[in-house]
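The values are calculated or read from the model by the stated rules, or taken from the named source; none is laboratory data. Just so you know, these numbers come straight off a predicted model, no measurement behind them. Note: ideal-geometry Cβ built from the backbone for every residue, glycine included; neighbour counts use all protein chains shown. Accessible surface areas use protein heavy atoms only, side chains included; no ligands, DNA or RNA. Shrake-Rupley method; radii C 1.70, N 1.55, O 1.52, S 1.80 Å.
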Amino acid sequence: MLGMQAPDIILTEHIGNVSDHNHQTKTVPSNTLVTKGFNYSLLFFYESDCGPCQQTIEDLNANYTDLLADGISITAYAADTDQENFNFTKETLAWKDNNTFCDFKGMKGVNFTNYGVIRTPTMYLTIKQGVIVKKIGNVKELLSWAKTIGDRM
């Protein structure tokens, strides 16, 4: 997928409880994933009950200000199936307000399938044109990469 156009994101908005099965979907083109004022978008695929995901969340939260300063925004997609669990974890995220989503289909969700995510956490960096430029293994790697980009600018 590196160097290729990222798949569009499918957002599912649940109206009421997930169990009501009342929802609508919206397609977000991949070339709009990097929001105004940023150079990159980190696409973070996680699951609330995943130990390594919790560590990654802690690391992202601890370095959130630095990531923003490096021009990296975060958009997260949860593989949760439980709405309460998702909401609890979402409240711990530094970027929770507008950039964390879940369709409550677990790893079978459309975005996990489209991005080929087979385990969590998985992270990709995209540029403004929606092209995937890097698969990130952990936050330390992300910070190191961001520093090398900053040094070249």
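Mind giving me the FRET efficiency for Gln55 and Val131? R0 is 35 Å, r the Cβ-Cβ distance, nearest 0.05 is fine. Numbers along the way, then the final one.
Values: r = 28 Å, r/R0 = 0.81.
E(calc), rounded to 0.05, equals 0.80.
Enter the per residue convex hull volume of the range 28-85, computed from alpha-carbon coordinates, in Å³ rounded to the nearest integer.
Working: hull volume 5.6 nm³, N = 58.
So the per-residue hull volume is 97 Å³.
Calculate how steeply helix 51-62 sits against the longest principal axis of the alpha-carbon atoms of the chain, using the helix alpha-carbon long axis, and give the answer as 0 to 90 degrees to the nearest 10.
That helix lies at roughly 50 degrees to the long axis.
Which GluC sites (Glu not before Pro) in the range 31-102 sit in a loop by DSSP (not H, G, I, E or B) and have at most 10 other Cβ atoms within 10 Å of their own Cβ?
On the way: sites: Glu47, Glu58, Glu84, Glu91; in loops: Glu47, Glu91.
Counting only loop positions with at most 10 other Cβ atoms within 10 Å, the GluC sites (Glu not before Pro) in the range 31-102 are Glu91.
Full extension from Met4 to Thr32: what is 0.36 nm times the residue separation minus their Cα-Cα distance, to one decimal in nm?
On the way: separation 28, 0.36 × 28 = 10.08 nm, distance 1.51 nm.
Contour length minus Cα-Cα distance gives 8.6 nm.
I'm a student and want to see the number: the projected area of the Cα convex hull of the chain, averaged over all directions, in nm². Mind dumping the intermediate values first?
Details: hull surface 33.9 nm².
Taking a quarter of the hull surface, the average projection is 8.5 nm².
Give me the 1.4 Å probe accessible area per residue for the chain, excluding ligands and nucleic acids, in Å².
Normalised by residue count, the accessible surface of the chain is 54 Å².
Dividing the convex hull volume of the Cα atoms of the range 85-153 by its residue count, what figure in Å³ per residue is obtained?
In the range 85-153, the Cα hull volume divided by residue count equals 130 Å³.
Using a 1.4 angstrom probe on heavy atoms only, work out the carbon and sulfur share of the accessible area of the chain in %. Working shown, then result.
Values: 4080 of 8280 Å².
So the carbon and sulfur contribution to the accessible surface is 49 percent.
Mind putting a number on the dipole of the chain about its Cα centre? Charges go on the C-beta only, +1 for Lys and Arg and -1 for Asp and Glu, and I need it in Debye to the nearest 20.
Working: 13 positive and 17 negative charges, 136 e Å.
Roughly 660 debye for the chain.
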